[in-house]
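Let me begin by presenting the structure, written as C-alpha cells, before commenting on it.
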Amino acid sequence: MLISCRLNRVTLRLFQVSLSAVLILTPLMFALTSVSRAAHPINLTTPFGNNLLTAHNVGMTVGPLLLNSIAASPSTVSVGGPLAVTWNIPSNQSQTDWVGLYRSGAPDTAGRELWWMYTGGSPTGSFTLNAPLEAGQYQFRFLLNNSFSHVATSNSVTVSSTPTPTPTPTSVPSYSIAASPSAVAVGGPLAVTWNIPSNQSQTDWVGLYRVGAPHIAGNELWWRYTAGSPTGSFTLNAPLVAGQYEFRLSLNNSFNNVATSNSVTVSSTPTPTPTPLPTPPPTTDGAQFYVSPSGSSSGDGSINNPWSIWKAIVTPGVVPAGSTVYLRGGTYSMDPNPQPDRVLWEIAGTAAQPIIVRNYPGERVLIDMDWLVEFYGDYVHYWGLEFFTSRTKRVFSGGAVNDIPGAISFAGKGIKLINSVLHDAHGASLFSAAEDIEMYGNIMYYHGLIAQERSWGTVAYIQNNVGYKRLTDNIFFQQFNHNIQATGSDIATTQDIYLVGNTIFSAGTLGTNPGWNAVVWVGAIPAERITFSDNYVYQPPLPDITWTTPNVVMWGSRESTNTDLVFTGNRIVRGYPPVRLARWSPATFTDNTIVGEAGTITAAGIVGLDNTLVPNGQYNWNNNRYHQGAAGYQFQYPGGYYDFAGWKVVTGLDTNSTYSASRPTGMD
C-alpha cells in the first residue's frame, strides 16, 4: 500500500505500512527518513535533524515535537504603539535567519518587508518595535538564511487608527520631516529636517523619492542615516529632472515609513542665451567684483575693467568682507619668479561676512601653481576652481628640487573649498594652524611624485589642534602615495576630524610603493574624536601582498588609547586587510560592509586589531557585514588569526554581525 499526503508544502509517502494508530499531524515541516515493515520503525525527522516521531507496526513512540513558532503581541495595537515579536526555532541555525514584518497577504519578495532584523542564530528571542503608522492587518514571518523562504508566520496583528483603550493613556511617538524650499530649480539647494523621539536606532534614515513612488528598495533617489539623532538636517542638490518629490523617514534600516515631508516642486530652468560681452553680472548679496587673466592692478574690479588676481586675491584689504569675487574663465599663473614661489592668498572676510571667490558661471578657471598656493586669509569660500601644475615632470633622482609639482595649503580660519578640482599637483595640506576647515564636493586625482627613495604625494594631509577639519562628499583617486592621511607627532594633535560620504579609491597606483586610501596615524599624543562614516573605499589588487598594505587604517597613537572613534556605514572593498585598527575607547563600529581578498594567505583578511581591547572599554561594535577573506584568517587579534566565530569569542564584538565566504551581491 502506498499512502501519499500533502501537509504544509511537504509530501509524505508511506510504503507498505499498516498502522494501528491514527496519526494526527499539526502543520509542521518534517521529512520521512525511513519506512519499512513491522520489523523496522518509522522515523520522522525535521529538516534540522531533530527526531520527531518513531512508529512501529502496532504501536508508536512520539519524540519531542520541535516546532518553528513566531508570535506577536499584542494582537491589537494603535498606530505607532509598542509591538513585540518572539520566536522559537531549533538550535544550530544560521546567523542570517531573520524576522520580518509584513502586511497580511503580502508576498515574500524583496522590499515588501516593512521592518526586519537578523536573529543572529539565536533559537529563541524577541524584538520590540513601533507598530506601523497606517491602520491594517499585519503579521511577522520567520525566514531562513538571508532568503525569502519563510517557515513560520505569527498571529495577525490589527493596527487601528484610533488608540487602543488602556487604563492609562499613552502618547503615540511623534515623527515629523519637512523639506525646504517647497519649490526649487533643478540642481538647486534643498534641505530636509526631521524631529523624532529620542533613543532611536543609528540606522533610521531619510530618503528622497518621487511623489507616489512605492516605498521599496531602489526607489530612493538619495538617502542618509540619521545616526540616531532625534533632530537634524541635511542639505543636498535637487534632482536634475523636473517633477514632484518628497522626503520620507524610515526606521531601523527598513522600509517602515513613519513620516513624509511636504511636496517639493523641482522645475526646469531655461538654458541661458549667450550674449556678447560684457555679460550681465550674476545677482548676489553683497558687493561684486571681477578678476580676469588679462585684468590689471589699476582696474576698478568691475566686469568691464576687472582686476588682476594679484590685486584682488593676493593683496590683503582690497575686497571688503561679504563680497563675491568672480574669476573669469582662463588660466592664472602663480609663477612670478624663477625660484619656487609660495604665493599667499591674503583676501579675508569675517565669520559673519565671509567672502566668496568663485568661477564666473559657465566659465572654466584654471590656477597653474608653481610651488605653493596658501589660503592665508580667514573666512573665504573658494568655489568652482581648478588647481593644477602645468609642469609634467614626476620622477626625480633625489634631493631638493625646484620643479616638483605645486600644492595648496590651508593656513587661515573658516576656509572652505567647494566643488573644485585639484589634479596633477602635490596635494592639499590642512595643518594645525588652519581652524574650522571644510572641503566638500571636490574631485582630486594624480598627486605626487617618484623620488629616489620612494613615492610621495598625499592628496589630503591633515592635522588639527583647535576647531575641526571636515572632508565631505569628495572624490579622491589614483595618487602616487596615500589618498587621505591624518597624522600628528609627539607635539601635534589629531582630533575633531570628520571624513564623511567620500568616494576613495586606487591609492598608490601611480607610485613605486603601495598607498593607503585613508589613514589616521599619529605619534605619542592620542587621536580624539575621529569620524569615518558613509564612505565608499576601494583598493585594486596590489603586487605587495602583506599585512602592511591595508586599505583603511585607524591606528591613531599605537602607544596609548585613542578616544571617540565613529566608524559607521562604510563600504570598504579589498586591501590587506581592508581595515586595521589600534586601541580605541569609546569606539562605535557599526553598519559597515567590508569585503576581504579571496585567497589562502594570512594577509587576505578582513579586519585586524593590532592592540588588545581596553578592559571595560566602551564599544558599540555590531551589525556589520563581512565577506570573503582567507579561510581561518579573516580576523587578526593579538595572539593569532581567527575565523568569524573565533573572532567573536576572543573579542566579544559583532554579536549581531554577519559573515559570508562569498562576495556581496546586488546594489548597496
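Pairing residues of the stretch 170-188 that are modelled with pLDDT of 90 or more with residues that are outside any loop (DSSP other than H, G, I, E, B) and exposed (fewer than 14 other Cβ atoms within 10 Å of the Cβ), at Cβ distances under 8 Å and at least 6 apart in sequence or on separate chains, gives 183/267; 184/267.
Residues checked against (1) assigned to a strand (DSSP E or B); (2) surrounded by 15 or more Cβ atoms within 10 Å (Cβ to Cβ); (3) modelled with pLDDT under 90; (4) among the hydrophobic types (A, V, I, L, M, F, W, C):
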site: 218; (1), (2), (3), (4): no, no, yes, no
site: 224; (1), (2), (3), (4): yes, yes, yes, no
site: 247; (1), (2), (3), (4): yes, yes, no, yes
site: 255; (1), (2), (3), (4): no, yes, yes, yes
site: 293; (1), (2), (3), (4): no, yes, no, no
site: 296; (1), (2), (3), (4): no, no, no, no
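Exactly one residue among 300, 378 is without any contact (Cβ under 8 Å) to a residue 24 or more places away in the chain, assigned to a loop (DSSP other than H, G, I, E, B) and among the acidic types (Asp, Glu), and that residue is 300. Total residues in the stretch 434-462 satisfying the condition of being at pLDDT 85 or above and either part of a loop (DSSP other than H, G, I, E, B) or touching a Phe, Trp or Tyr at 6+ places or on another chain (Cβ under 6 Å) (or both): the figure is 7.
How many residues does the stretch 326-363 contain that are modelled with pLDDT of 95 or more and basic (Lys, Arg)? Here the count works out to 2.
Among the residues of the stretch 95-124, those that are part of a strand (DSSP E or B) and over 21 Å from residue 77 (Cα atoms) comprise 98, 118, 124.
Let's see how each residue does on (1) at pLDDT 90 or above; (2) among the aliphatic types (A, V, I, L, M); (3) under 22 Å from residue 222 (Cα atoms):
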{"residue": "532", "(1), (2), (3)": "yes, no, yes"}
{"residue": "544", "(1), (2), (3)": "no, no, no"}
{"residue": "554", "(1), (2), (3)": "no, yes, no"}
{"residue": "565", "(1), (2), (3)": "yes, yes, no"}
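Consider the stretch 82-112 and keep the residues that are of a type in the set (Gly, Ala, Ser) and under 30 Å from the mean Cα position of the chain (by Cα). The one that is farthest from residue 146 (Cα to Cα) is 84.
The values are calculated or read from the model by the stated rules, or taken from the named source; none is laboratory data. Predicted model, so just to flag it, every value in this text is computed and none were measured. No Cβ is skipped: glycine too gets one built from the backbone with ideal geometry, and neighbour counts run over all protein chains shown.
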